[in-house]
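Report on the structure given below.
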Amino acid sequence: MSEIKVFDMKGSSVGSVEVDDAILEVKRGSQAVHDVVVAYMAGLRRGTASTLRKGEVAGSNKKPWRQKGTGRARAGLRQSPVWRGGGVAFGPHPRSFEKKINRKVAALAFRRAFSDKVATGGVRIVDQVVIKEPSTKVFAGMLKTLGIKGTVIFVVDKIGQNLVLSARNIPGVEITDARNLSVYQLLRYTDVIVDKAGMDQIKLRLRKEDSKAA
């Protein structure tokens with residue numbers, strides 16, 4: 001059983017949350033994490049790069065000059081890839097970079113990524129994240145109180161507008177909800193701050209994914 005300390009917004013310890021070791025995974029899944037992150041990054045690619053083949057370049061089919069007798073190399077058409085303004089040989093065309101990830105692999109990757117964060121002390125739990133009105137100063141003060149010096153992602157049960165507005169001008173900070181927390185986000189940020197309600201959702205995800213991977 002792993003214990004994660006719970007803090008309030010002032011940085012004072014107010015208890016702890018237990019996470020069953022049965023839903024954590026630190027012995028396997030490193031390849032699954034790699035595969036899921038590669039698939040995620042590939043999915044971000046637009047795949048809209050496009051060039052024209054020689055058959056798609058505008059122009060006539062007239063030979064630039066006669067075949068023989070000029071002393072120059074033979075030329076068939078001005079759309080040739082060897083000519084300036086001609087088509088492109090083997091150029092890129094619109095395509096999808098999407099990679100398929102098995103559901104069990106994705107489940108294992110999430111468990112491994114979150115387990116590694118817990119094992120290295122990268123996960124902290126706060127009782128609740130309450131921002132009464134949008135204030136970058138208040139949010140920055142909370143980060144300082146919690147001792148956050150690197151990049152951080154706040155994982156909450158429900159995203160509040162005041163929280164988003166308070167954090168949007170601070171570099172290296174992201175807000176997400178527990179249901180949509182991804183493997184990529186767990187690896188990208190140094191610290192993961194979770195509110196208690198959000199942690200309940202994550203534990204529920206881990207249990208569900210554990211049963212799927214079984």
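The values are calculated or read from the model by the stated rules, or taken from the named source; none is laboratory data. Note that the structure is predicted; figures quoted are calculated from it, not measured. Using ideal geometry, Cβ is built from the backbone for each residue, glycine included, and neighbour counts are taken over all protein chains shown. We work out accessible area using only protein heavy atoms, side chains counted, and drop any ligands, DNA or RNA first. Shrake-Rupley method; radii C 1.70, N 1.55, O 1.52, S 1.80 Å.
Any residue at all in the range 62-82 that's closer than 30 Å to Ala106 by Cα and either part of a loop (DSSP other than H, G, I, E, B) or touching a helix residue (DSSP H, G or I) at 6+ places or on another chain (Cβ under 8 Å) (or both)?
Here is the first cut: in the range 62-82, the ones closer than 30 Å to Ala106 by Cα are none.
Among the residues of the range 62-82, not one is closer than 30 Å to Ala106 by Cα and either part of a loop (DSSP other than H, G, I, E, B) or touching a helix residue (DSSP H, G or I) at 6+ places or on another chain (Cβ under 8 Å) (or both), which makes the answer no.
Can you tell me which of (1) touching a Ser or Thr at 6+ places or on another chain (Cβ under 7 Å); (2) under 26 Å from Val37 (Cβ atoms) is the one Ala119 doesn't meet?
Of everything listed in (1) touching a Ser or Thr at 6+ places or on another chain (Cβ under 7 Å); (2) under 26 Å from Val37 (Cβ atoms), Ala119 misses just condition (1).
Among the numbered criteria (1) in contact with an Asp or Glu (Cβ under 7 Å, 6 or more places away or on another chain); (2) under 22 Å from Asp20 (Cα atoms), which single criterion is violated by Val129?
Going through the list (1) in contact with an Asp or Glu (Cβ under 7 Å, 6 or more places away or on another chain); (2) under 22 Å from Asp20 (Cα atoms), Val129 breaks only (2).
Of the residues in the range 68-106, how many are more than 30 Å from His34 (Cβ to Cβ) and surrounded by 13 or more Cβ atoms within 10 Å (Cβ to Cβ)?
10
Output the helices (runs of 4 or more DSSP H) that fall wholly within the range 113-210 and possess 2 or more residues being more than 30 Å from Arg103 (Cβ to Cβ) and among the β-branched types (Val, Ile, Thr), or say none. Walk me through how you get there before you give the answer.
Numbers: elements: 136-146, 161-167, 183-188.
Output list reads 136-146.
If we keep just the residues of the range 158-181 that are open to solvent by less than 30 Å² (accessible area, probe 1.4 Å) and under 20 Å from Leu24 (Cβ atoms), which is modelled with the lowest pLDDT?
Applying the filter and picking the extreme gives Ala178.
State yes or no: is Ala109 closer than 25 Å to Thr151 by Cα, touching a Leu at 6+ places or on another chain (Cβ under 8 Å) and either assigned to a loop (DSSP other than H, G, I, E, B) or open to solvent by less than 90 Å² (accessible area, probe 1.4 Å) (or both)? Can you show your working first?
Working: closer than 25 Å to Thr151 by Cα: yes; touching a Leu at 6+ places or on another chain (Cβ under 8 Å): no; either assigned to a loop (DSSP other than H, G, I, E, B) or open to solvent by less than 90 Å² (accessible area, probe 1.4 Å) (or both): yes.
Spelling it out, it is not the case that Ala109 is closer than 25 Å to Thr151 by Cα, touching a Leu at 6+ places or on another chain (Cβ under 8 Å) and either assigned to a loop (DSSP other than H, G, I, E, B) or open to solvent by less than 90 Å² (accessible area, probe 1.4 Å) (or both).
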